[in-house]
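*Asks:* Could you have a look at this structure, given as structure tokens, before my questions?
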Amino acid sequence: MATITLKPFKTPELIIECNNITPDAFAGKTPAEIAELEIFEGKVREKLGDFFSVTGSSGKTAAETDILIDGDCSRVKYIGSKMTAGTITVNGNADMYVGGWMKGGKIHVKGNVDSFCGIAMEGGEIEVDGNAGNYVGCAYRGDWRGMRGGTIHIHGNAGNDIGTFMLGGTIIIDKNAFIHVSTHAEGGTVVIKGDVEGRVGGQMVKGDIYVFGNVQYMLPGFKEIDRVRKEIAGESATFRQYIGDLGERHPKSKGKEIYANLYVKASA
């Protein structure tokens, strides 16, 4: 694997949009050519090299290209947008839309990410060592197609609206989430190893949610049906199993309705 290193040297006055920071865009290019790639600061066209030094070498293909961003990207949006292969590592924080619409490869952010991480993601892997904002793995505003595949692993806390309109894939939150988990979901798995305040699974018709901590306010559309032993995200526990959202229409298989499952860890 060949590595291109980006090092921020200038803080943008506005947040910059860097859809071109992907192995797909960098593959087969020299550092000088990568520095010429277009980005936007507000409505103004800029060049990647106006804000980052570019060193190293890229691979012939995206799959052979690693990108290391050695510094803080708190004002850099769309890192890894629509990437299909390769890797991106951010030694710091990142702004919104990390890994949005990505189809493959891996992104590792060693700090925090802002909202819309993994929006409409179809494949690949996103790992965040810190916290995430709102709308992890959700659909774009006005769309009904949320995350469809891949894995998002947040080692810290996350905000609200996790997995909205989720269709597939897996989201793991190692600590706490706020409200609105898997709203409108029609598939996929969300694992929260901490607590959730409430509004879990609203209008959800398929998919699974696991909560290892407490759900402070349960929705009335979920009914407890069993206690089951499950292993998920490397941990095994006994859960109270709920089905729902019972206020919604549900698909049928072999004449039986299919429900979403909410598993809440049972107290000892």
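*Asks:* Take region 209-243 and flag every residue that is of a type in the set (Lys, Arg) and closer than 19 Å to Thr170 by Cβ.
*Replies:* Lys230
*Asks:* Residues being within 16 Å of the chain's Cα centre (by Cα) and more than 20 Å from Lys230 (Cβ to Cβ): count how many of those fall in region 177-207.
*Replies:* Final tally of qualifying residues: 3.
*Asks:* Considering every residue within region 24-46, establish whether at least one is among the small types (Gly, Ala, Ser), surrounded by 18 or more Cβ atoms within 10 Å (Cβ to Cβ) and in contact (Cβ under 8 Å) with a residue 40 or more places away in the chain.
*Replies:* Looking through region 24-46, at least one residue is among the small types (Gly, Ala, Ser), surrounded by 18 or more Cβ atoms within 10 Å (Cβ to Cβ) and in contact (Cβ under 8 Å) with a residue 40 or more places away in the chain.
*Asks:* Next question, about the same structure. Name the one entry in Lys60, Lys29 that is farther than 24 Å from Glu125 by Cα and basic (Lys, Arg).
*Replies:* Lys29
*Asks:* Next question, about the same structure. Check whether at least one residue in region 126-135 is on the phi > 0 side of the Ramachandran plot and not acidic (Asp, Glu), and report yes or no.
*Replies:* yes
*Asks:* Could you say whether any residue in region 119-128 is part of a loop (DSSP other than H, G, I, E, B), within 23 Å of His250 (Cβ to Cβ) and of a type in the set (Val, Ile, Thr)?
*Replies:* Checked region 119-128: no residue is part of a loop (DSSP other than H, G, I, E, B), within 23 Å of His250 (Cβ to Cβ) and of a type in the set (Val, Ile, Thr).
*Asks:* Still on this structure, please answer the following. Mind checking which strands (runs of 3 or more DSSP E) fall wholly inside region 159-268 and carry at least 2 residues that are farther than 22 Å from Trp144 by Cα and without any contact (Cβ under 8 Å) to a residue 24 or more places away in the chain?
*Replies:* Ranges flagged: 196-200, 215-217, 223-232, 235-244.
*Asks:* What are the pairs, 6+ residues apart or on separate chains, where a residue within region 87-101 that is farther than 17 Å from Gly156 by Cα has its Cβ under 6 Å from a residue that is surrounded by fewer than 20 Cβ atoms within 10 Å (Cβ to Cβ)?
*Replies:* Thr89/Leu68; Thr89/His108; Trp101/Lys82
Values quoted throughout were computed directly from the atomic coordinates according to the rules given, and no laboratory measurement underlies them. Owing to the predicted nature of the structure, the values given are computational and were not obtained by experimental measurement. So basically every Cβ, Gly included, is an ideal-geometry build from the backbone, and we count neighbours across all protein chains shown.
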